[in-house]
Amino acid sequence: DAGITQSPRHKVTETGTPVTLRCHQTENHRYMYWYRQDPGHGLRLIHYSYGVKDTDKGEVSDGYSVSRSKTEDFLLTLESATSSQTSVYFCAISDGEGYTEAFFGQGTRLTVV
Amino acid sequence: SQKIEQNSEALNIQEGKTATLTCNYTNYSPAYLQWYRQDPGRGPVFLLLIRENEKEKRKERLKVTFDTTLKQSLFHITASQPADSATYLCALDLSGSARQLTFGSGTQLTVLP
């Protein structure tokens with residue numbers, strides 16, 4: 001795997017509580033992404049970042065916020081978790097230069113009860 | 001609306017045969033298309049990309065075609081092996097830099113010994 005670490009790998013939380021997922025990279029890639037993966041929906045982009053403090057929304061951004069204060073770290077926050085946010089969350093990175101692929105982390109399985 | 005469809009959720013084939021997976025898209029004009037492999041409990045791993053001006057791309061036992069008129073990509077695995085069993089995802093990128101990959105829901109391939 002490329003140098004991407006997601007933490008935690010598993011989390012169970014209660015409805016209404018805030019949750020923060022962390023993605024850490026050692027590749028110095030400019031672009032970082034948060035996806036969620038649900039059965040029948042594939043991977044859907046939540047938010048992405050194209051530089052420190054530069055972020056933008058993806059397809060399913062409602063209920064999520066992100067922050068990137070350092071090149072290597074991209075945080076995803078669920079301000080008030082809901083059961084519909086139970087999912088597997090993947091962080092990905094790319095260098096954004098030319099025709100390049102994305103590298104994915106191992107994923108975080110989040111269960112909201 | 002923009003949409004990506006992969007031919008079926010599951011595909012079973014006999015070892016040694018050629019597996020063919022289909023990715024169809026609508027209302028896109030992608031700069032290029034990518035294929036990923038995903039094993040259970042892991043993040044997607046990049047396999048191949050093909051640009052809009054390329055008809056075919058090969059890598060070892062893998063071959064990808066890209067028909068922008070039909071809005072379709074075919075992904076072939078020749079001489080398939082049980083180790084090829086996984087979920088295969090196609091992804092479209094409008095920007096050319098993996099800045100906003102949109103994924104299909106995937107096809108689960110099982111190669112039977």
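Throughout, read-outs are computed from the coordinates displayed, never taken from laboratory work. Model, not experiment: these values are computed from the prediction. Neighbour counts run over all protein chains shown; Cβ positions are idealised from the backbone, glycine included.
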Cα gyration tensor of the range B:51-113 - equivalent ellipsoid semi-axes, whole Å, descending: 23, 15, 10
When A:His41, A:His29 are ranked with the fewest other C-beta atoms within 10 Å first, the list becomes A:His41, A:His29
Give the cross-link partners of B:Lys59 among the aspartates and glutamates, using a straight C-alpha distance below 16 Å as the criterion and excluding same-chain residues fewer than 8 apart. A:Glu101, B:Asp84
As an exercise, use a Förster radius of 41 Å and the Cβ-Cβ distance of A:Asp73 and B:Ala79 to find the FRET efficiency, rounded to the nearest 0.05. 0.45
Estimated dipole of chain A in Debye, rounded to 20 [Cβ of Lys and Arg +1, of Asp and Glu -1, Cα centre]: 280
Taking just the C-alpha trace of the protein assembly as shown, give me its Rg and Dmax in Å. 17.5, 51
Sort A:Trp34, B:Trp35 so the one with the fewest other Cβ atoms within 10 Å of its own Cβ comes first. B:Trp35, A:Trp34
Cα to Cα, under 12 Å, and not fewer than 8 places away if on the same chain: which aspartates and glutamates meet these conditions relative to B:Lys71? B:Glu5, B:Glu52
Span per principal axis, largest first, for the Cα atoms of the range A:25-81 (Å): 33, 23, 16
Could you give me the radius of gyration and the Dmax of chain B, taking only the C-alpha atoms into account and expressing both in angstrom? 13.3, 41
I'd like the Karplus ³J(HN,Hα) series for the range B:76-87: coefficients 6.51, -1.76, 1.60, θ = phi - 60°, whole numbers in Hz, and an x wherever there's a Gly or Pro. 10, 10, 8, 6, 4, 10, x, 5, 7, 4, 4, 9
Mind checking which of B:Ala79, A:Ile46, A:Ala92 is farthest towards the positive end of the protein assembly as shown's charge dipole, using Cβ charges of +1 (Lys, Arg) and -1 (Asp, Glu) about the Cα centre? B:Ala79
Just need the Rg to Rh number for chain A, please, alpha carbons only, Kirkwood Rh. 0.95
By Cβ neighbour count within 10 Å, fewest first, B:Glu5, A:Glu101 rank B:Glu5, A:Glu101
